[in-house]
Amino acid sequence: MARTQAAEYDQRRRAIVEAAAALYAQHGFLGASVADLAQRCNTSKSLIYHYYQAKEDILFDVMNTHVQALDEAAHAISESPERPEKKLRALAHAFMRLYVGAADRHVVLLNELDNLPKARRAEIVKLQRDLIALVRDMLLEIAPRLETKARAHAAAMLFFGMINWTHTWFDPNGAVSADEIADMAVDVALGGLVRAAG
């Protein structure tokens, strides 16, 4: 019986996080109250507070679940025996699928980080930096003539710049698929790396 209760508890927390992601993506964290979230979940404020002590805790879970999914995908790919070019392509595909599948969480992550308490914000930022470092090292493997971590870091940031903001214009039902976007981003990055590495 305890396991059923635990499963139900986790399921309800996930439902709150999903609703909060949509609400915060649409109205912003500061523009959406716990009462708004309760209404969206068809429940009461007191029940929301049963699952979360503070509104900021919900915001953290919205971001953390998204970044953890990106981190798990990235590490699984980076630990594979594939060539670095193939790893970068697999990573772009995985990230684009996660961005499309969790578009609201991605918007919240990009727009609401400053609304987290300092310690919680540091947790998310550390995961983000780890992801950037992973891509940076991958790019250094692909183009050793980048020579310095600083230049490879800049290349990694440019790579993320290509895919991180696709939520502002990409249509999952449009003529170009998420996988095609991923391939385009990698092709641009790799072609640019050849020239940047000189």
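Please go through segment 143-167 and pick out each residue that is outside any helix (DSSP H, G or I) and more than 16 Å from HIS93 (Cα to Cα).
Hits for segment 143-167 are ALA143, GLU147, THR148.
For GLU56, work out the one condition from (1) in contact (Cβ under 8 Å) with a residue 24 or more places away in the chain; (2) in a helix (DSSP H, G or I); (3) farther than 30 Å from VAL135 by Cα it doesn't fulfil.
Single failed check for GLU56: (3).
Of all residues in segment 32-81 being of a type in the set (D, E, K, R) and loosely packed, with under 13 Cβ neighbours inside 10 Å, which is farthest from ILE124 (Cα to Cα)?
It comes out as GLU79.
Would you pick out the residues in segment 180-198 that are surrounded by 14 or more Cβ atoms within 10 Å (Cβ to Cβ), of a type outside the set (A, V, I, L, M) and modelled with pLDDT of 90 or more?
ASP183 - this is the single residue of segment 180-198 that is surrounded by 14 or more Cβ atoms within 10 Å (Cβ to Cβ), of a type outside the set (A, V, I, L, M) and modelled with pLDDT of 90 or more.
Exactly one of these conditions fails for GLN39: (1) of a type outside the set (A, V, I, L, M, F, W, C); (2) within 30 Å of ILE132 (Cα to Cα); (3) over 14 Å from the mean Cα position of the chain (by Cα). Give me its number.
Tallying (1) of a type outside the set (A, V, I, L, M, F, W, C); (2) within 30 Å of ILE132 (Cα to Cα); (3) over 14 Å from the mean Cα position of the chain (by Cα), GLN39 fails exactly one: (2).
Scan segment 147-169 for residues that are within 14 Å of the chain's Cα centre (by Cα) and of a type in the set (Ser, Thr, Tyr) and jot them down.
THR166 - this is the single residue of segment 147-169 that is within 14 Å of the chain's Cα centre (by Cα) and of a type in the set (Ser, Thr, Tyr).
Quick check on this structure: which one of LEU134, LEU110, LEU158, LEU190 is touching a helix residue (DSSP H, G or I) at 6+ places or on another chain (Cβ under 6 Å) and of a type in the set (A, V, I, L, M)?
LEU134
The values are calculated or read from the model by the stated rules, or taken from the named source; none is laboratory data. What you see is a predicted model; the values in this text were computed from it and never measured. Cβ coordinates were reconstructed from backbone atoms using ideal geometry, including for glycine residues, and neighbour counts include every protein chain displayed.
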